[in-house]
Amino acid sequence: AGLRPGRVVETDKLPSGVRNRAMEAVDSYGGRVTIGDVASRAGLKLNEAERALQALAADTGGFLEVSDEGDVLYVFPRDYRSKLAGKSFRMKVEPLLDKLKGGAEYLIRVSFGTALIASIVIVYTTIIALVSSRSDEDNRGRRGRSYDSGFTVFFSPTDLFWYWDPYYYRRQQIRKDGMNFIESVFSFVFGDGDPNQGLEEERWKLIGQYIASKGGVVTAEELAPYLDVMPIEDKQDVDSYVLPVLLRFDGHPEVDDEGNILYCFPSLQRTASSQRVGRKEYVGKKWAEWVDGVGKYLEEKKWSFSKAGSSQKGMVIGLGALNLFGVVVLGSMLKNTAIAPAGFISFVADIFPLLQVYAASFFAIPLFRWFLLRKRNADIEKRNLGRKQQARALELPDSSLRRKLSSAREMARRTVIGSERIVYSTEKDVSDQDFEAREWDRRFREL
C-alpha cells in the first residue's frame, strides 16, 4: 500500500557484474539485441541475460519488438546509460566504494610491511634496553632485582607510518614501474593475488561468441580449446566436457547422417545483428582464418611467487631473518628477567606472543605457498597444453574431423531479425498495437 510502480530500480537487484556485462553487450550491438546476442557476447546464462535485459528496459525506457516468428528483441535509447545512472543510487555509489576498497587493500599491504619494521625496532630496542639495564646492575652490584629500562613512553607501531606515501596507490595506477619496499614485504609473504581473475567470465565470452559465429552448431572438438581438457595422451572423449556449455546456453545434442554428435544452440542462432557467419570453406584452413576473430584457445596464467624485484626480495628475507633472530634472542632474555609491572619492557612482554607469531609466519606462509604454487602451476600447464593441442588439431583436422566440422557448418542456421520482420512493438500506441495484433491474427487464421 502506498507504493507506486516505477519507484523501484530493477537494475539495482542485479549483480553488478551481470549488469555491466549486459550493458557492454547492448552497446556492442548498437542498442538492439536478442537474449541470445547478450548471452553470447557477455558469456551470461540465458536466464541471466533475459533478466538483465528486462531490468534495463524497465529502468531506461527501452521497448520490446516481436518478430513474425515470435522472437523478442530489446531496443534501448541511445542515452539509456545516462537515464539509468540518474535513477540508480547504487551506480552512483559503486565508484566510491571501489576507491575505498582499493585504498583499504593498499593499506593492508603496506601495514604488513610496516609491521616488519616496527617489530625489528621494538625487538632490538628491548634487547638494547635489557643489556643496558643488566650492565648498570652489574656495575652497582644489584643482581636479581626487578627493574625497568626507564622507557615509559607507550610505543605504537602506527608511529612508523611517517614514511608511507599516502598517494603511492594513485601514482602506481599511472606509473606502473614496480612496487616499493613496503609493498614487497606483503608480496613476498602473501603473493600478488590471482593472475587469472575474471578467467571464467572470459571463458564464457569466448565460448558464446564462438558458437554464435558458427551459426549455433558446433562440435565438441571446437569447444575443447576453451574447456579444462587434459593433454592428449590417448584418445579422449571430449564430449564429456561439453555438458556445462549445454546447460549455460540451453543447447542440445543432435546426430548427423554419419552418426556424429553435434551441439545445437537455438537461442544463439537468432540475432538482431547482421555480422558475418563463419563459412564451411574455412574448414581445414589456417586456424586464424576461420576462428572469426575469437581467441584460438583459453590460456591460463601461471601464479608467480612474488612480483617484487630480486634485490627487494633479498632485503625482505634479510630483514625477516634479522627479526626472527631478534625474537629468539629476546625470548631467551625475557625468560631470565624479572620485569616491573609497568613500562616499555612490560609492554613488550605482553605483546611478545604476537611478535613470535609474526616472525614465524613470515617464513612459514611463503614456504607453504611455494609448495602450493608448484602443484597449482603444474595443473595449469597441463590444462594449457591440453587446450593448445585441441586448437592445433583444428588447424589440420583429419578426414573424420573434417567431415564432422563440415556437417556442423551445413546444419548452422543464423537468422538476422531486421526491422522488416517486426509485427509488434511496445513503442507504438495501444490502438496501433491492437490493430496490428488483430491483423496478424487474421492473416495467421487465413493461412
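Report, by residue number, each residue of region 399-420 that is more than 17 Å from LEU262 (Cα to Cα) and outside any helix (DSSP H, G or I).
From region 399-420, those more than 17 Å from LEU262 (Cα to Cα) are 415-420; that's our starting set.
Correct list: THR415, VAL416, ILE417, GLY418.
Note on region 102-115: among residues that are closer than 14 Å to PHE190 by Cα and touching a residue at least 24 places away in the same chain (Cβ under 8 Å), the one that is farthest from the chain's Cα centre (by Cα) is GLY113. Looking across region 343-360 at every residue that is closer than 21 Å to PHE190 by Cα and in contact with a helix residue (DSSP H, G or I) (Cβ under 8 Å, 6 or more places away or on another chain), the one that is most open to solvent (accessible area, probe 1.4 Å) is identified as GLN356.
One residue stands out among those in region 179-215 that are under 22 Å from ALA118 (Cβ atoms) and of a type in the set (Val, Ile, Thr): the one that is modelled with the lowest pLDDT, which is ILE182.
Report whether or not ALA321 is aliphatic (A, V, I, L, M), over 19 Å from SER132 (Cβ atoms) and assigned to a helix (DSSP H, G or I). Spelling it out, ALA321 is indeed aliphatic (A, V, I, L, M), over 19 Å from SER132 (Cβ atoms) and assigned to a helix (DSSP H, G or I). Of the residues ALA359, ALA378, the single one that is under 29 Å from GLU299 (Cβ atoms) and among the hydrophobic types (A, V, I, L, M, F, W, C) is ALA378. Note on region 295-330: residues that are surrounded by 15 or more Cβ atoms within 10 Å (Cβ to Cβ) and free of Cβ contacts under 8 Å to residues at least 60 places away in the same chain amount to 1.
The rows are residues; the columns are (1) farther than 30 Å from PHE344 by Cβ; (2) in contact (Cβ under 8 Å) with a residue 40 or more places away in the chain.
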site: TYR74; (1), (2): yes, yes
site: PHE89; (1), (2): yes, yes
site: PRO95; (1), (2): yes, no
site: LEU100; (1), (2): yes, no
site: ILE122; (1), (2): no, yes
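Please go through region 35-54 and pick out each residue that is open to solvent by less than 10 Å² (accessible area, probe 1.4 Å) and under 18 Å from SER425 (Cα atoms). Across region 35-54, the qualifying residue is only LEU53.
Selection of first residues in region 216-227 that are in contact (Cβ under 8 Å) with a residue 12 or more places away in the chain and of second residues that are of a type outside the set (Gly, Ala, Ser) and surrounded by 24 or more Cβ atoms within 10 Å (Cβ to Cβ), restricted to Cβ pairs under 6 Å at least 6 apart or on distinct chains, gives the following pairs, ordered by first then second residue: GLY216/PHE265; GLY216/LEU268; VAL218/ILE211; ALA224/GLN390; PRO225/GLN390; TYR226/ILE207. Taking the numbered list (1) in contact with a Gly (Cβ under 7 Å, 6 or more places away or on another chain); (2) in a helix (DSSP H, G or I) in turn, ARG19 passes all entries but (1). Kindly establish whether SER67 is open to solvent by 70 Å² or more (accessible area, probe 1.4 Å) and of a type in the set (Gly, Ala, Ser). It is false that SER67 is open to solvent by 70 Å² or more (accessible area, probe 1.4 Å) and of a type in the set (Gly, Ala, Ser).
The values are calculated or read from the model by the stated rules, or taken from the named source; none is laboratory data. What you see is a predicted model; the values in this text were computed from it and never measured. So basically every Cβ, Gly included, is an ideal-geometry build from the backbone, and we count neighbours across all protein chains shown. Accessible surface is based on the protein model in full, side chains and every heavy atom, while ligands, DNA and RNA are left aside. Shrake-Rupley method; radii C 1.70, N 1.55, O 1.52, S 1.80 Å.
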